[in-house]
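Let me begin by presenting the structure, written as structure tokens, before commenting on it.
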Amino acid sequence: MSCSADDSHGANIRCFGVGDGWPAADRKPSSFLFRFRETTLLVDCGDGLSSAYKATGLSYDAVDQILISHFHSDHVGGLSMFLQGLWLERRQKPLTIHAPAAGLAALQAWLEATLLPPELLGFPLHWRPLVAGEALKFEGLNVTAYPTAHLDSLRHRLQPRYPAMCFDAFSFVFEAAGKRIAHTADIGTVEDLKPLLRQPVEVLVCELAHVAAGPLLKTLADSPIGKVIFIHLGREFWSDLPATEALIRRELGAMPFVIARDGEQFAL
Ligand SMILES: [Zn+2]
């Protein structure tokens with residue numbers, strides 16, 4: 001696995017925010033830029049995305065699609081500020097936002113609440129509900145969303161009182177140039193990894209916060225994975241990285257892995 005600042009020719013991931021949702025001075029909430037040969041996607045839009053994106057120097061037409069895995073604020077809290085940036089930087093290209101269906105109307109209402117109606121933006125903005133198991137086909141890239149149990153306990157507790165709240169959450173599999181890349185986003189159980197790891201993956205971008213590390217790492221060790229990029233570490237793991245690295249190394253054996261920091265870019 002390589003980590004470099006200018007690895008822009010092959011497919012790569014840039015980590016804008018590897019945080020876990022708690023306030024942190026040294027990492028931002030979830031946001032990742034996946035660049036494949038012909039298609040560039042933003043996966044989640046946590047707080048801080050706007051400034052992190054500006055720092056890349058990339059064009060504001062560079063992002064082709066936005067995927068929102070679920071509606072926790074650390075995954076969607078920076079969306080309206082990012083869209084305000086696209087407006088002010090005079091983006092021209094159409095943009096599609098893919099998100100769990102039950103939350104789309106609320107997100108559109110939020111853009112209105114933040115004074116970003118469609119006619120102001122200056123570029124066509126489209127909305128598409130994520131459908132479990134359906135392959136989205138983009139230029140040179142297929143993306144499939146798989147539901148996770150991340151919000152199931154919250155759904156159980158809150159849905160009766162808040163029927164309009166969206167409790168769906170998704171992981172993603174990217175297929176491009178003969179490679180499978182998987183991104184867990186937030187999961188709820190190791191079972192959520194099954195559809196991602198049913199076939200070999202070149203790279204797994206994997207959270208380490210919501211599932212006990214022992215069973216999670218054991219599942220990874222037994223799976224056909226080329227490399228693991230760990231993100232979204234729970235605070236107990238982030239606060240002692242040498243111990244966390246030792247734990248992961250012990251469980252994964254020779255499987256290559258890295259713990260990502262904000263701003264880092266990795267080849268896929
Ligand atoms: Zn979450």
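The values are calculated or read from the model by the stated rules, or taken from the named source; none is laboratory data. Owing to the predicted nature of the structure, the values given are computational and were not obtained by experimental measurement. Backbone-built Cβ (ideal geometry, glycine too); neighbour counts: all protein chains shown.
Structure notes:
- Count of the stretch 142-192 residues which are away from the ligand (no atom under 12 Å from the Cβ) and in contact with a His (Cβ under 6 Å, 6 or more places away or on another chain): 1
- Set side by side, the residues Ser223, Ser171 differ, and just one is touching a residue at least 12 places away in the same chain (Cβ under 8 Å), assigned to a loop (DSSP other than H, G, I, E, B) and among the hydroxyl-bearing types (Ser, Thr, Tyr), which is Ser223.
- Residue check for Ile231: modelled with pLDDT of 95 or more, within 17 Å of the chain's Cα centre (by Cα), closer than 22 Å to Ala132 by Cβ and buried (at least 23 other Cβ atoms within 10 Å of the Cβ): no
- Residues in the stretch 190-208 include at least one that is touching a Lys or Arg at 6+ places or on another chain (Cβ under 8 Å) and among the polar types (S, T, N, Q).
- Test result for His75, within 16 Å of the ligand (Cβ to nearest atom) and under 30 Å from Gly178 (Cα atoms): yes
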